[in-house]
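The values are calculated or read from the model by the stated rules, or taken from the named source; none is laboratory data. Just so you know, these numbers come straight off a predicted model, no measurement behind them. Cβ sites come from the backbone with ideal geometry, for glycine too, and all protein chains shown count toward neighbours. Please note that ligands, DNA and RNA were not included when accessible areas were found on the heavy atoms of the full protein model with its side chains. Shrake-Rupley method; radii C 1.70, N 1.55, O 1.52, S 1.80 Å.
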Amino acid sequence: MDTQAKIEAIVTGHPVVLFMKGTAQFPQCGFSGNAINILRASGVDNLHTVNILEDEEVRQGIKQFSNWPTIPQLYINGEFVGGSDIMTEMFQSGELQALVKA
């Protein structure tokens, strides 16, 4: 399976996916830690995370897949939502919580 197909399978195979540096239990950058905190505060309990530090192909491939240059990247129901800044804005407006519940 090529990298893009692998990423597509991950994104469509789980309702909420976060590509991040580290794990939910041990984020390895501040932006990834912020993303985890926001998702927990939004009531996400069915979170699938992908540690991009463990797979260089996925680390580069996710940037092409989403056409977004930075990590973390959030996908909900197969759709790209955004990175840490967008997640923060959506959380503050209540939009992220509504999207998670939908």
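Filtering region 65-78 to residues that are within 15 Å of Val44 (Cβ to Cβ) and open to solvent by 60 Å² or more (accessible area, probe 1.4 Å) leaves only Asn77. Tally the residues that are free of Cβ contacts under 8 Å to residues at least 40 places away in the same chain, closer than 22 Å to Gln97 by Cα and either open to solvent by less than 30 Å² (accessible area, probe 1.4 Å) or not hydroxyl-bearing (Ser, Thr, Tyr) (or both), restricting the search to region 18-38. Number of matching residues: 7. Look at (1) aliphatic (A, V, I, L, M); (2) at pLDDT below 95; (3) open to solvent by less than 90 Å² (accessible area, probe 1.4 Å) and you find that Ala102 fails only one, number (3). Taken over region 41-64, the criterion of being touching a helix residue (DSSP H, G or I) at 6+ places or on another chain (Cβ under 6 Å) and open to solvent by 60 Å² or more (accessible area, probe 1.4 Å) is satisfied by Glu57, Arg59. Within region 74-102, residues that are closer than 20 Å to Phe31 by Cα and small (Gly, Ala, Ser) have Cβ atoms under 6 Å from residues that are open to solvent by 30 Å² or more (accessible area, probe 1.4 Å) and assigned to a helix (DSSP H, G or I) in these pairs: Ser84/Phe31; Ser84/Asn34, counting only partners at least 6 apart in sequence or on another chain.
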